[in-house]
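This report refers to the structure that appears directly beneath it.
Every number in this text was worked out from the coordinates using simple rules, so none of it is lab data. These figures come from a predicted structure and were not determined experimentally. Neighbour counts run over all protein chains shown; Cβ positions are idealised from the backbone, glycine included.
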Amino acid sequence: MMKELPLIIIDGVDYIYPNGTAALKNISLTIHKGEMIAIMGKNGAGKTTLIRTLNGLIRPTAGDIFINYENINMKSIAELSQRVGLIFQNPSHQLFANSVEEEIKFSLKNLYQDNEELQLKTDYVLKSFNLEKYRERSPLNLSGGESKKLAIASIMCRDPEVLVFDEPTLGQDANEIESFIKLIDKEKKKEKTVIIITHNVEFAFEFIPRTILMAEGQIIADGPTLNILSSNFLTERSSLVLPQTRQLSLALSKAGFQELTNITSRHEITEYLMKILENKITSIKEE
Ligand SMILES: Nc1ncnc2c1ncn2[C@@H]1O[C@H](COP(=O)(O)OP(=O)(O)OP(=O)(O)O)[C@@H](O)[C@H]1O
Ligand SMILES: [Mg+2]
């Protein structure tokens, strides 16, 4: 079977901030439609800078970016943001309307000319993101987690082809992380391309198949998350800790049990551990 052609090609991209900071150095990378990718790396590695080049918020100092084989160099931010939805690290940099309802309405405005239709769709979005009760509230008066949710809703309601999240699980409680996982799962089923910047190794290890690791403006590794986050060398270099599932399977193999090299899910490793414990208990009882 022929491999599908890439959706995004980043070719030799540099970015130097006006103050002279070289934040991206010769970045090359291809992304296929429907992929789900984590971008990881230390603070200041260049992750946010890289994704800001994807919707034209900043323009590379050198190199090119192609989406569907079109060079995005000549395209306006307005045009690009229809295709690439970027959810910021800090929601207050993204939200600006006087109320939660207005925020969603503004996002949808140029997709629905008819006022009644616009209102219906706005109501639908508020409901599906569980934001109805904050409808009249100023986005400035939401909690951190709530404003993050509004920021996500205001981009996702436009249904862009590529979704880019900058640290979506930061400051979210377990429930919100769970609903975020459901949300991206749905996008995956729709064959949307999803890029997620995260420092959360547990989350990436379990849910994101491919990881790109950055350091000092460069890509230092790109491959299956299972391999990258199982590597002591790579995780240490990026100030990350090995995922707990991985640590547990290493400890088990040290203790003489079968090594579980391919397990990334907490659920599977828990089941395995339960089995070991049950066998142990049965054998103690039999003694
Ligand atoms: N507006 C700016 N002007 C000058 N330098 C900047 C600016 N924004 C970021 N930088 C610098 O560019 C480099 C990359 O920053 P970037 O925000 O892309 O890192 P990051 O990987 O997203 O880090 P974090 O995990 O802390 O969010 C850093 O050295 C940072 O200090
Ligand atoms: Mg960042």
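In region 36-53, how many residues are under 21 Å from Arg83 (Cβ atoms) and near ligand 2 (Cβ under 9 Å from one of its atoms)?
Residues meeting the conditions: 4.
Please return the ranges of helices (runs of 4 or more DSSP H) entirely within region 41-132 where 1 or more residues are away from ligand 1 (no atom under 16 Å from the Cβ).
Of the helices (runs of 4 or more DSSP H) lying wholly inside region 41-132, those with at least 1 residues that are away from ligand 1 (no atom under 16 Å from the Cβ) span 77-83, 100-108, 115-128.
Identify all residues within region 133-144 that are of a type in the set (D, E, K, R) and either more than 19 Å from Ser179 (Cα to Cα) or outside any helix (DSSP H, G or I) (or both); write none if there are none.
The answer is Arg135, Glu136, Arg137.
Over 20 Å from Phe96 (Cα atoms), crowded, with 18+ Cβ neighbours inside 10 Å, of a type outside the set (Phe, Trp, Tyr) and away from ligand 1 (no atom under 16 Å from the Cβ): which single residue out of Thr169, Thr193 fits that description?
Selected residue: Thr193, the only one of Thr169, Thr193 that is over 20 Å from Phe96 (Cα atoms), crowded, with 18+ Cβ neighbours inside 10 Å, of a type outside the set (Phe, Trp, Tyr) and away from ligand 1 (no atom under 16 Å from the Cβ).
Kindly provide the set of residues from region 224-245 that are of a type in the set (Gly, Ala, Ser) and either within 20 Å of Phe180 (Cβ to Cβ) or out of contact with any Leu (no Cβ under 9 Å at 6 or more places or on another chain) (or both), ordered by number.
Going residue by residue through region 224-245, those that are of a type in the set (Gly, Ala, Ser) are 230-231, 238-239.
Within region 224-245, just Ser239 meets the criteria.
Only one residue in Glu136, Glu117 is without any contact (Cβ under 8 Å) to a residue 12 or more places away in the chain, farther than 20 Å from Ala38 by Cα and away from ligand 2 (no atom under 16 Å from the Cβ), so which one is that?
On the way: Glu136 fails: without any contact (Cβ under 8 Å) to a residue 12 or more places away in the chain.
Among Glu136, Glu117, only Glu117 is without any contact (Cβ under 8 Å) to a residue 12 or more places away in the chain, farther than 20 Å from Ala38 by Cα and away from ligand 2 (no atom under 16 Å from the Cβ).
Mind listing whichever residues of region 13-40 are of a type in the set (Val, Ile, Thr) and away from ligand 1 (no atom under 14 Å from the Cβ)?
Thr30, Ile31, Ile37, listed by residue number.
Each row is one residue, and each column tells you yes or no for (1) under 30 Å from Asn68 (Cα atoms); (2) touching a residue at least 60 places away in the same chain (Cβ under 8 Å); (3) surrounded by 17 or more Cβ atoms within 10 Å (Cβ to Cβ).
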position: Ala215; (1), (2), (3): yes, yes, yes
position: Leu240; (1), (2), (3): no, yes, yes
position: Ala255; (1), (2), (3): no, no, no
position: Ile269; (1), (2), (3): no, no, yes
position: Lys275; (1), (2), (3): no, no, no
position: Thr282; (1), (2), (3): no, no, no
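I'm trying to understand the selection: among the residues of region 76-103, which are touching a residue at least 60 places away in the same chain (Cβ under 8 Å), under 23 Å from Tyr124 (Cβ atoms) and not hydrophobic (A, V, I, L, M, F, W, C)?
Ser81, Gln82, Arg83, Gly85, Pro91, Gln94
Scan region 210-219 and give yes if some residue there is under 19 Å from Glu178 (Cβ atoms) and touching a Ser or Thr at 6+ places or on another chain (Cβ under 8 Å), otherwise no.
The answer is no, given that none of the residues of region 210-219 is under 19 Å from Glu178 (Cβ atoms) and touching a Ser or Thr at 6+ places or on another chain (Cβ under 8 Å).
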